[in-house]
Amino acid sequence: MEISSVFESRLPHRPYCSDDLTHGLIIRPAAMALQHRHIQPNAPLEVAWLVFDLDYSGAAFAWERENLPPPSLTVVNPKNAHAHLFYGLSTPVGMSDSARDAPIRFAAAIQAVFLAKLQADPGYAGLIAKNPFHDDWRSLWVQHLYDLGELAEYVDLPKRRSQREVLGLGRNCTLFDELRAWAYRWVMEYKRNGASSELWQRAVLGQAEKLNAFTVPLSFNEVKAVAKSVAKWTWRHFSDESFSSIQSARGKRGGRPATTTRDGEPWAEQGLATYYRRLRSGVLVPEHASQ
């Protein structure tokens with residue numbers, strides 16, 4: 001199948017579109033939306049295209065300078081040579097509440113490195129892009145879709161994520177991590193006070209909306225999907241029994257040290273951290289150990 005046909009088949013049923021972005025977006029059936037200069041390429045809660053906005057002359061071949069693979073689609077503005085670069089994914093990445101987390105994180109890491117290498121606009125949200133079928137643009141098609149592993153071969157992915165990712169798919173990962181940390185702390189309070197699962201889901205969604213304070217916020221549908229995933233998982237897996245099991249397991253691995261021992265507080269002079277570090281290393285042997 002040709003990439004142009006793939007592009008059409010992957011469009012939302014009623015995508016956002018526009019002839020002038022300064023006048024906002026409208027929603028139309030796909031056949032009508034294809035008549036507009038700009039169109040929504042990815043369906044809601046699915047990433048089939050990694051799109052990069054390059055606002056400089058010669059953008060169409062920026063990938064060559066950085067030894068990146070050729071985009072599946074390049075849409076160029078002939079008036080200034082700015083371009084949108086589309087990397088089509090052979091398997092779209094799902095973003096719904098039932099989607100797996102690993103592909104999202106993998107795609108986010110790749111997107112972040114490509115963004116930096118291409119010097120693409122970091123504020124570009126990716127919701128709307130140049131319509132490759134419109135006569136105002138010049139489109140270059142490459143008959144190839146990529147899996148994430150293939151794209152990753154062209155770059156060195158960071159071993160650690162930045163402290164708080166605020167761009168692209170990284171926002172989804174950040175929201176998920178921050179929201180689940182909040183949920184872990186509060187789910188038992190809701191359960192012990194007789195809250196229903198529906199009330200818990202509303203509380204998680206409210207917190208998710210507060211955390212969605214990115215430079216370019218996620219759409220409500222994306223926030224709702226993350227919140228639903230976190231709410232369902234924590235409500236299903238957290239209980240007084242499971243909490244006790246977790247605490248017990250942590251204790252067996254060596255959790256927080258006891259505040260007193262049968263010898264009193266032998267760490268008083270050298271400090272708590274130093275005492276337990278020496279104790280674990282064998283440098284310090286408690287008096288009762290040889291008894």
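Bear in mind these aren't lab numbers, they're just calculated from the coordinates by the rules spelled out. The model shown is predicted, which means the values in this text are computed figures rather than measured ones. Ideal geometry is used to build each Cβ from the backbone, glycine not excepted, and the neighbour counts take in all protein chains shown.
By how many nm would the segment from E8 to D20 lengthen if fully extended, with 0.36 nm per residue of separation less the alpha-carbon distance? Mind showing how you got there, number by number?
Working: separation 12, 0.36 × 12 = 4.32 nm, distance 2.13 nm.
Length difference between fully extended and current span is 2.2 nm.
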Problem - For segment 1-43 versus segment 178-208, the gap between their alpha-carbon centres in whole angstrom - result: 37
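Under the 0.36 nm per residue contour assumption, what length would be gained going from the current alpha-carbon distance of L140 and H237 to full extension? Don't skip to the answer; put the middle values down first.
Values: separation 97, 0.36 × 97 = 34.92 nm, distance 4.94 nm.
Gain in length upon complete extension: 30.0 nm.
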Practice task
Could you check the simple spin-label distance between E66 and E46, using points 7 Å along Cα→Cβ, in nm with one decimal?
Solution key: 2.7
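Around L118, under 14 Å between beta carbons, what's the net of Lys plus Arg minus Asp minus Glu among the other residues? The partial results should precede the final answer.
Values: positive: R65, K117; negative: D53, D55, E64, E66, D121.
Residues near L118 contribute -3 overall.
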Fill in the blank from the handout: For segment 142-217, one quarter of the surface area of the C-alpha convex hull, expressed in nm², comes to 7.9
Fill in the blank from the handout: So, with points 7 Å from each Cα along the Cβ direction, the S196-D147 label distance in nm works out to 4.5
Exercise for the section: Could you give the spread of the C-alpha atoms of segment 71-209 along their three principal axes, from largest to smallest, in whole angstroms? Expected result: 62, 33, 25
Problem - ³J(HN,Hα) computed for each position of segment 49-61 - Karplus, 6.51 cos²θ - 1.76 cosθ + 1.60, integer Hz, glycine/proline x - result: 9, 8, 10, 10, 9, 10, 9, 8, 5, x, 5, 4, 10
Exercise for the section: Just grab the label-to-label distance for S90 and M32, each label 7 Å out from Cα along the Cβ direction, in nm (one decimal). Expected result: 3.8
Fill in the blank from the handout: Any lysines whose Cα falls less than 28 Å from that of K79, other than same-chain ones fewer than 8 residues away, would be K117, K130
Exercise for the section: Go ahead and run the numbers for FRET between A81 and Y184, Cβ-Cβ distance against an R0 of 45 Å, rounding to 0.05. Expected result: 0.35
